[in-house]
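**Q** Dumping the structure here so I can ask a few things about it.
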Amino acid sequence: MYRDHDYDGYYSGITLEFDVDTSAYHSDVYARIYLGVDDEFYEYYTTSIFSIDGESSDDSLIVETELVQGFYPDDYEVLIEIYDAYSNALVAVYDGYDDADLVYLPLESKDYDRPQTSQVTVTTEYGGSMAWLLGLLLPVMWLKRRKG
């Protein structure tokens with residue numbers, strides 16, 4: 001996870017790397033990737049067709065995602081479905097039950113990831129006692145009263 005402009009612990013970017021294996025020598029597949037909260041998942045990306053070769057680790061796929069809009073701050077889960085490229089049959093499902101790294105991901109889209117700006121206005125005020133002015137006026141008032 002990356003990009004947390006407002007430093008609230010929720011990220012707007014996620015890099016997902018996964019390696020699909022097959023018992024066959026070679027297969028062509030594609031993946032549908034979902035984000036979900038409370039077992040309600042929304043597909044956000046379908047990969048192009050990619051090839052997998054047995055149990056090779058050289059055929060992993062990296063999907064880099066930046067959430068732009070509509071994902072409120074929450075702990076999301078990633079769900080990956082793998083489909084056979086020729087029959088479109090669902091051949092594998094991988095989610096937070098299979099890998100703890102796919103669950104409780106603190107994410108939010110960029111429209112929620114805004115740095116909080118604070119504006120401060122400083123007003124300089126001068127204060128103090130006005131008693132010295134009263135001290136000057138009292139003798140003047142006393143003299144006026146004596147004369148009148």
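**Q** Residues in the range 21-56 that are open to solvent by 60 Å² or more (accessible area, probe 1.4 Å) and among the aliphatic types (A, V, I, L, M): how many?
**A** Residues that pass the stated criteria total 1.
**Q** Can you tell me which residues in the range 43-84 are assigned to a loop (DSSP other than H, G, I, E, B) and in contact with a Gly (Cβ under 9 Å, 6 or more places away or on another chain)?
**A** Leu67, Pro73
Yes/no matrix, rows are residues, columns are (1) on the phi > 0 side of the Ramachandran plot; (2) not aromatic (Phe, Trp, Tyr):
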{"position": "Ser12", "(1), (2)": "no, yes"}
{"position": "Thr22", "(1), (2)": "no, yes"}
{"position": "Tyr25", "(1), (2)": "no, no"}
{"position": "Ile49", "(1), (2)": "no, yes"}
{"position": "Tyr76", "(1), (2)": "no, no"}
{"position": "Asn88", "(1), (2)": "yes, yes"}
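**Q** Kindly indicate whether any position in the range 64-79 is within 21 Å of Asp98 (Cβ to Cβ) and exposed (fewer than 12 other Cβ atoms within 10 Å of the Cβ).
**A** no
**Q** Considering only the range 1-20, how many residues are assigned to a loop (DSSP other than H, G, I, E, B), open to solvent by less than 60 Å² (accessible area, probe 1.4 Å) and under 19 Å from Asp99 (Cβ atoms)?
**A** Selection size over the range 1-20: 1.
The values are calculated or read from the model by the stated rules, or taken from the named source; none is laboratory data. Quick caveat: nothing in here was measured; it's all calculated off a predicted structure. Cβ: placed from backbone, ideal geometry, glycine included. Neighbour counts: every protein chain shown. Ligands, DNA and RNA are stripped out before the accessible areas are found, and what is left, the full protein with its side chains, is counted by its heavy atoms. Shrake-Rupley method; radii C 1.70, N 1.55, O 1.52, S 1.80 Å.
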